[in-house]
Amino acid sequence: MSDHEQQQPAPRRGKVLEALARAERRVFTRPAPKSAKAQVKFLLTRAKGSTQALAERLGVSRRTVERYRAGTLTTPQKRLRAALVEETESEWQPQVRAQVRQQAATSSGMMVDVTAYFGFTCTGSSDDGRERQITTDISPYYAKQILDLQEAGATEEDLHPIVAEAVTESYFTEWGTRADGLRADLINVQAIEFML
């Protein structure tokens with residue numbers, strides 16, 4: 001069995017985590033490396049030259065990493081290609097990413113465009129839950145919580161309640177000016193995008 005056949009399945013992130021990753025990629029000032037060789041070389045610099053550490057991170061053998069670095073292998077299989085892109089983009093331009101995250105968490109907040117089923121809890125509420133498409137601002141307070149949870153390795157289920165609270169504050173209660181006590185639950189996210 002070859003190194004490629006022994007690869008582990010790619011881990012799947014949820015829609016909210018993917019949307020946060022896409023929002024961060026949009027703030028890059030330079031494009032991330034595209035070829036497998038360039039991605040491996042970049043990731044090796046981040047791994048301080050350790051082919052073994054990078055191989056473990058990508059879920060492949062050390063020899064596979066060496067082959068991509070040397071250029072003898074050039075076209076990774078789908079799982080490895082996805083892992084290379086994800087790992088490269090997660091390490092690319094950390095200072096730019098940190099500045100944008102800091103700004104979102106302290107002053108500008110962020111924007112969310114979400115299509116999901118929203119269920120409601122409130123005394124006297126006559127509005128039944130239903131699927132909605134909502135675009136709204138998220139305050140820096142909630143932006144910080146969302147970004148901190150993402151940084152701490154939160155799961156999709158950990159992020160849904162905080163995103164629901166943020167949308168409730170800005171969209172449903174209009175920053176506390178109406179529908180006092182309303183609580184919305186974010187269920188079955190169809191699509192979501194964040195703008196930092």
Single unsatisfied condition, Arg132 versus (1) open to solvent by less than 60 Å² (accessible area, probe 1.4 Å); (2) basic (Lys, Arg); (3) assigned to a helix (DSSP H, G or I): (3)
Candidate set from region 90-115 (those that are surrounded by 16 or more Cβ atoms within 10 Å (Cβ to Cβ) and aliphatic (A, V, I, L, M)); member that is nearest to Leu44 (Cα to Cα): Val100
Boolean, Ile146 is touching a residue at least 24 places away in the same chain (Cβ under 8 Å), assigned to a strand (DSSP E or B) and among the aliphatic types (A, V, I, L, M): no
Among (1) closer than 17 Å to Arg130 by Cα; (2) assigned to a strand (DSSP E or B) - the single one Glu193 does not satisfy: (1)
Long-range neighbours under 8 Å by Cβ, at least six apart or interchain, first residue closer than 22 Å to Pro140 by Cβ within region 169-190, second assigned to a loop (DSSP other than H, G, I, E, B) and open to solvent by 60 Å² or more (accessible area, probe 1.4 Å): Glu169/Trp175; Glu169/Gly176; Thr173/Asp180
Odd one out for Ala83, checked against (1) open to solvent by 30 Å² or more (accessible area, probe 1.4 Å); (2) within 30 Å of Arg62 (Cα to Cα): (1)
Subset of region 39-52 [part of a helix (DSSP H, G or I) and either basic (Lys, Arg) or buried (at least 16 other Cβ atoms within 10 Å of the Cβ) (or both)]: Gln39, Val40, Lys41, Phe42, Leu43, Leu44, Arg46, Thr51
Residues that are closer than 26 Å to Ala21 by Cα, free of Cβ contacts under 8 Å to residues at least 40 places away in the same chain and not hydroxyl-bearing (Ser, Thr, Tyr), drawn from region 53-68: Ala53, Leu54, Ala55, Glu56, Arg57, Leu58, Val65
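The values are calculated or read from the model by the stated rules, or taken from the named source; none is laboratory data. Given the structure is predicted, the values throughout are model-derived calculations rather than measurements. Cβ coordinates were reconstructed from backbone atoms using ideal geometry, including for glycine residues, and neighbour counts include every protein chain displayed. Areas reflect the complete protein model, heavy atoms only, side chains present, ligands, DNA and RNA absent. Shrake-Rupley method; radii C 1.70, N 1.55, O 1.52, S 1.80 Å.
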